[in-house]
Each structure stands twice: as structure tokens, then as C-alpha cells.
Amino acid sequence: MTAPAPEELMAIHLSREVRDGEISACGALSMIPAAGLLLAKHTHAPQADILILGSPAFFPFRTSRQFHYLAQRGDLGLFFVSGVQIDQQGNYNLHLLGQDHDHPDVRFPGGYGGGLIYYAARRTVVFRTEHSPRVFVEHVDFISAAGVTPPHMLRLGGPSKVVTPLATLAMDREAGVLKLESVHPPHTTEAVVAATGFDLGVTGAAPQTAPPTAEELRVLRAVVRPLMMETGTYPDWAAQHLAAAG
């Protein structure tokens with residue numbers, strides 16, 4: 001069996017956050033979480049209800065409005081979201097770069113409904129395929145969605161973890177900050193700290209993330225890859241980034 005590609009490793013790490021019996025979802029253009037959701041469904045979470053926005057096979061609503069209503073009712077257990085910038089408080093930025101918000105250096109399209117879901121989903125896992133100081137900054141240039149809110153503000157959930165190719169960060173709810181939970185082999189704690197623009201609360205070597213199992217890789221390649229291609233769920237991405245079974 002060939003060694004897993006970075007996208008496969010990310011999909012496996014994300015899949016482990018899915019719980020059996022919950023409703024779990026990802027937004028549009030979220031190929032890696034989509035693969036992770038399908039992997040979880042065909043391994044440890046067979047009773048999970050999965051929603052993949054933009055997929056003709058795994059999104060039962062006619063518009064995203066019904067999906068947002070589901071989240072606001074408190075029925076969404078897990079959501080995957082990404083950000084251009086992420087800071088220590090779990091804030092993420094999907095809108096712009098630069099300190100002058102009226103005249104930003106770069107403007108992005110933002111995220112339709114993502115900010116609302118960050119407050120409504122019971123857990124949100126932020127993912128990013130780049131782990132560097134320009135992504136993990138001390139303070140985001142613009143808060144598209146806040147990781148921490150005042151105690152009096154109604155909020156059903158919030159950020160749970162951040163998953164990257166290097167490591168998993170976990171939200172310390174009492175302290176209101178992200179801390180290093182585990183490092184993905186073969187990377188080191190020192191490498192993760194150097195690639196992060198804020199304090200990760202590291203006092204020693206962090207635990208190693210459990211490597212992918214042979215069964216996870218087999219299902220990802222033999223079940224998830226053809227399923228994504230057959231159902232029109234990012235078929236080109238699956239063909240390119242998930243290895244064929246063999």
C-alpha cells in the first residue's frame with residue numbers, strides 16, 4: 001500500500017472528529033472534509049447523518065436556508081470550516097487582509113453563513129492545508145467569526161479543534177485559547193511551534209497523533225474515492241488526490 005498523500009492524511013484526521021449518531025456537515029468547496037465525512041460514515045460512524053454542501057448526493061435541501069435553520073435549532077453536531085487567518089482565540093478571517101478595512105490589501109469573498117454556523121453548531125473543527133505564521137497569526141486582520149464570546153451571548157457551540165497537515169490544536173474553553181493537542185508524525189513539536197505565530201502553551205514534547213490505520217486507508221481509497229467520483233461529489237479532486245485502491 002502506497003504511503004498516504006497529505007490530503008489523505010488530513011481527511012483521516014478530520015474523519016476521527018465525526019461521532020456516530022450526530023449530524024455532521026461541511027461547506028461547499030470543502031473537498032478534504034467531504035472525504036473525511038464519507039470515511040467516518042463507512043468506518044466508525046455508520047449512523048452519522050452527513051451533509052456535504054454542493055454535493056447532489058449528500059445534501060437533501062433545495063437551498064442552504066434549510067441547512068441554516070437546522071443549525072439554528074441546535075441539531076448540527078459538527079461543522080468543518082476553513083479560514084485565511086486563524087488566531088489564538090479561535091477567531092478566523094475569511095474576508096480581507098490589511099489593517100485598513102475600507103482599503104484592504106486583499107479582499108476575499110467571505111463565507112456565506114459560516115459565521116452563523118460557528119455559533120450554532122455544537123462543535124466546529126477548523127481545517128487549513130497550510131500551517132505557517134502567515135496563517136496562524138496573533139490577531140486576525142478581520143474577525144469573520146469569533147472563537148470566544150461574552151458569557152451573556154447565546155451560543156450553542158464553538159470551535160473545538162483546528163486540524164492542519166502538521167498538528168491538531170484544541171480549544172481550551174476555560175482559558176479561551178487554542179493549545180497544541182498532538183503533532184502528526186513525522187513532524188516535531190519544535191517544527192509546529194516555529195510554524196505558528198502565537199503561543200501554543202507548549203511545555204514539552206506534545207503527544208504524537210495516531211497514524212492512519214491500514215483500514216482507514218483502505219476504505220478511503222477503495223470506498224470513498226469511487227463513491228465521490230460516482231456521486232459527483234468533487235469527482236475530479238477525488239481522482240487526483242485520493243490514491244486508487246490496489
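The values are calculated or read from the model by the stated rules, or taken from the named source; none is laboratory data. Owing to the predicted nature of the structure, the values given are computational and were not obtained by experimental measurement. Because the Cβ atoms are built from the backbone with ideal geometry, glycine has one as well, and the counts that use them run over all protein chains shown.
Against the test of being more than 22 Å from ALA210 (Cα to Cα), in contact with a strand residue (DSSP E or B) (Cβ under 9 Å, 6 or more places away or on another chain) and of a type in the set (Val, Ile, Thr), the options THR149, THR129, THR124 yield a single qualifying residue, THR149.
Quick check on the range 170-212: of everything there that is assigned to a loop (DSSP other than H, G, I, E, B), of a type in the set (D, E, K, R) and without any contact (Cβ under 8 Å) to a residue 60 or more places away in the chain, which residue is surrounded by the fewest Cβ atoms within 10 Å (Cβ to Cβ)? Please lay out each step first, then the result.
Just the residues of the range 170-212 that are assigned to a loop (DSSP other than H, G, I, E, B), to begin with: 173-176, 184-188, 195-207, 209-212.
Next cut, of a type in the set (D, E, K, R) only: 173-174, 199.
Now narrow it down to the ones that are without any contact (Cβ under 8 Å) to a residue 60 or more places away in the chain: 173-174.
Numbers: ARG173: 13, GLU174: 6.
This residue is GLU174.
Residue under question is GLY90, and the condition is that it be at pLDDT 95 or above, at positive phi and not in a helix (DSSP H, G or I); does it hold? Answer is yes for this residue. Pairing each residue of the range 10-25 that is over 12 Å from LEU39 (Cα atoms) with any residue that is outside any loop (DSSP other than H, G, I, E, B) and among the charged types (D, E, K, R), provided the two are 6+ apart or on different chains, yields C-beta distances under 7 Å for ILE23/ASP49. When residues in the range 20-62 are screened for being surrounded by fewer than 22 Cβ atoms within 10 Å (Cβ to Cβ) and of a type in the set (Lys, Arg), 1 of them pass. Within the range 50-73, the residues that satisfy the criterion of being of a type outside the set (S, T, N, Q) and farther than 21 Å from TYR119 by Cβ are ILE50, ILE52, GLY54, PRO56, ALA57, PHE58, PHE59, PRO60, ARG62. Taken over the range 63-83, residues that are part of a loop (DSSP other than H, G, I, E, B), surrounded by fewer than 22 Cβ atoms within 10 Å (Cβ to Cβ) and of a type in the set (A, V, I, L, M) amount to 0. Within the range 153-169, the set of residues being of a type in the set (Gly, Ala, Ser) and under 14 Å from the mean Cα position of the chain (by Cα) comprises GLY158, SER160, ALA167.
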